[in-house]
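*Asks:* Please find one structure pasted underneath; my questions will follow.
The values are calculated or read from the model by the stated rules, or taken from the named source; none is laboratory data. These numbers come from a predicted model, not from an experiment. Please note: Cβ atoms are built from the backbone with ideal geometry, for glycine as well, and neighbour counts cover all protein chains shown. The protein model used for the area step is the full one, side chains on, heavy atoms only, and it has no ligands, DNA or RNA in it. Shrake-Rupley method; radii C 1.70, N 1.55, O 1.52, S 1.80 Å.
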Amino acid sequence: MGYPDLELDVCLTLAVASDLQVRVPARFSYVCADPYAVQVSFHITSDRVVQWTFARELLDQGMTTAAGLGDVRIAPIEPSLGRHFSIELKSPDGFARLEGPVAPIRTWIAKTHEAVPAGSETALLDLDRFLEERSGR
């Protein structure tokens, strides 16, 4: 059975300074061949894209409660309202805090779960091919 790859384009807000915010187009991607992960491409400028990959479960949890340790942290903003979330990204190059609407992310995550239900991800992994690619054969 073929599984669709899913994408969502959404605009997030990057807090550059306390009085300066910049809108950042972002594309959330889910590829069923990598069923545990989501990828987010932040289109900083027309020719500069920054990509991050992290667990689908982390994004899902972060819509309702603070989630993540280390480089990626996701949390709802004013959880009782459930309208916006923040994503904090840390790397050797710096730190960024982006904010966005919860509703389209929740809808998109639900579609990823329709394509690959939580708990069934291992059935889609081709470990032999993964190991072959890693060993350079």
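*Asks:* Express the accessible area of the chain per residue in Å², computed with a 1.4 Å probe while the remaining protein chains stay in the model. Working shown, then result.
*Replies:* Working: 8720 Å² over 137 residues.
Using a 1.4 Å probe on heavy atoms only, each residue of the chain averages 64 Å².
*Asks:* Sticking to Cα atoms, compute the Rg of segment 3-100 to one decimal and its Dmax as the biggest Cα-Cα distance, whole number, in Å.
*Replies:* Using the Cα atoms of segment 3-100, the pair Rg, Dmax is 13.4, 44 Å.
*Asks:* Using the alpha-carbon atoms, what tilt in degrees (0 to 90, nearest 10) does helix 102-115 show relative to the longest principal axis of the chain?
*Replies:* Compared with the principal axis, the helix lies near 0 degrees.
*Asks:* So who's got an amide H within less than 5 Å of the one on residue 37, skipping anything under 5 residues away but keeping other chains? H placed 1.01 Å off N, in plane.
*Replies:* 56
*Asks:* Which ³J(HN,Hα) values in Hz, rounded to whole numbers, follow from the phi angles of segment 6-22 under the Karplus curve 6.51 cos²θ - 1.76 cosθ + 1.60, where θ = phi - 60° and Gly and Pro get x?
*Replies:* For segment 6-22, the Karplus-derived couplings read 10, 10, 9, 9, 8, 9, 10, 10, 9, 7, 7, 8, 4, 10, 9, 10, 10 Hz, x marking Gly and Pro.
*Asks:* Using a probe of 1.4 angstrom, how much of the accessible area of the chain is carbon and sulfur, in percent?
*Replies:* It is 51 percent, rounded to a whole number.
*Asks:* Could you give the dipole magnitude of the chain about its Cα centre, charging the beta-carbon of Lys and Arg +1 and that of Asp and Glu -1, in debye to the nearest 20?
*Replies:* Here the size comes out at about 240 debye.
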